[in-house]
Amino acid sequence: MLLIHCPYCEEDRPEVEFVYGGEAHIARPLDPAALSDEDWEHYLYIRRNPRGRHHERWRHTHGCGRFFNAVRDTVSDRFEQTYKAGEPRR
Amino acid sequence: MSEAIAIPALAVAGTDLALESQATTAAGVALTLEPPASRWSLRARTADALAAVIGRPVPARIGETRDGLACLGPDEWLADLPAGTVLPDGAGQPVSVVDISARGVVIRVEGAGAARTVASGCPLDVERFAVGRATRTVYETVEVILWRESETAFRVFVWRSFAPWLWHALKACERA
Ligand SMILES: [Zn+2]
């Protein structure tokens, strides 16, 4: 079983308590109406999908309920680190 | 050829939907449905802000419990208080105080094999889950709040519609 460190609970918890939330650090446009169709498409759908280090959101749904960010290696599935939502990209 | 192993059915049939209130005991574990109590879901930005509204000490660390209150998340608490207890509603303040007394039930798992029974479906390291701690987690696929009262007693909070299944699953485990 994969263990994920929740930065709010401050402990390693079983993966089944968590839900994946997609790529992290995607800022919602401040003025969505001003975006071109292409920009809007990019914001909604285009993701980096890297091989290796990936910054992604997770939610400790069946735990403290909080969203947080994680750096996970998409090749090895190893979690490098997790940090609270709102903290800068690591 | 080995003998066929009888596996108790876990699927809930229509006839199972009434929760058994009869306590069962097997293999050193007793399952009991706890009587109704006054239960509240509490949300606030900080423990102090909540304490000021409800006039009770509020545990600040996630997982910690105190006087019937459990800290479930950075801004969320569960209150499990004697039936009839009413908390101030905090009107006009940035808190949420919601009566959830009817939302769920509590199954008490007690006895020498209690930790083993809970661990049969809970992915936490139950043996090392300290006495006096509470947390939201899962039992198989059912969300529960697990509250360890003593070395040999756990309280499992579960939403009403999941309760018959959970009861049967725990019972099947203690028989196994
Ligand atoms: Zn957590």
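The values are calculated or read from the model by the stated rules, or taken from the named source; none is laboratory data. Model, not experiment: these values are computed from the prediction. Note: ideal-geometry Cβ built from the backbone for every residue, glycine included; neighbour counts use all protein chains shown. To get the accessible areas, we keep the full protein, side chains included, count just its heavy atoms, and leave off ligands, DNA and RNA. Shrake-Rupley method; radii C 1.70, N 1.55, O 1.52, S 1.80 Å.
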Checklist line | Yes/no for B:Leu78 being touching a residue at least 12 places away in the same chain (Cβ under 8 Å), assigned by TED's automatic domain parsing to the domain that holds B:Asp48, under 11 Å from B:Trp40 (Cα atoms) and more than 16 Å from the ligand (Cβ to nearest atom) | finding: no
Next item on the list: Mind listing whichever residues of segment A:54-72 are among the hydrophobic types (A, V, I, L, M, F, W, C), within 14 Å of the chain's Cα centre (by Cα) and within 13 Å of the ligand (Cβ to nearest atom)?
Entry: A:Trp58, A:Phe67, A:Phe68, A:Ala70
Notebook entry, point to check: What tally of residues in segment A:1-46 results from selecting those that are out of contact with any helix residue (DSSP H, G or I) (no Cβ under 8 Å at 6 or more places or on another chain), without any contact (Cβ under 8 Å) to a residue 24 or more places away in the chain and within 16 Å of the ligand (Cβ to nearest atom)?
Noted result: 5
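Select the strands (runs of 3 or more DSSP E) contained entirely in segment B:19-104, then report the ones holding at least 2 residues which are surrounded by 17 or more Cβ atoms within 10 Å (Cβ to Cβ) and aliphatic (A, V, I, L, M). Step through it out loud before you land on a result.
On the way: elements: B:24-26, B:29-33, B:38-44, B:69-73, B:76-81, B:95-99.
So the answer is B:29-33, B:38-44, B:69-73, B:76-81, B:95-99.
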Next item on the list: For residues that are at pLDDT 95 or above, open to solvent by 10 Å² or more (accessible area, probe 1.4 Å) and among the hydroxyl-bearing types (Ser, Thr, Tyr), tally how many sit in segment B:137-160.
Entry: 3
Item checked: Residues satisfying the stated conditions in segment A:51-90, i.e. free of Cβ contacts under 8 Å to residues at least 60 places away in the same chain, charged (D, E, K, R), under 15 Å from A:Ala24 (Cβ atoms) and exposed (fewer than 15 other Cβ atoms within 10 Å of the Cβ) -> A:Arg53, A:Asp73, A:Glu80, A:Glu87, A:Arg90
Notebook entry, point to check: Is it the case that some residue within segment A:2-23 is away from chain B (no Cβ under 14 Å), within 12 Å of the chain's Cα centre (by Cα) and under 30 Å from B:Glu64 (Cα atoms)?
Noted result: yes
Check: Quick one: would you say B:Ala172 is under 17 Å from B:Thr25 (Cβ atoms), in contact with a Pro (Cβ under 7 Å, 6 or more places away or on another chain) and not polar (S, T, N, Q)?
Finding: yes
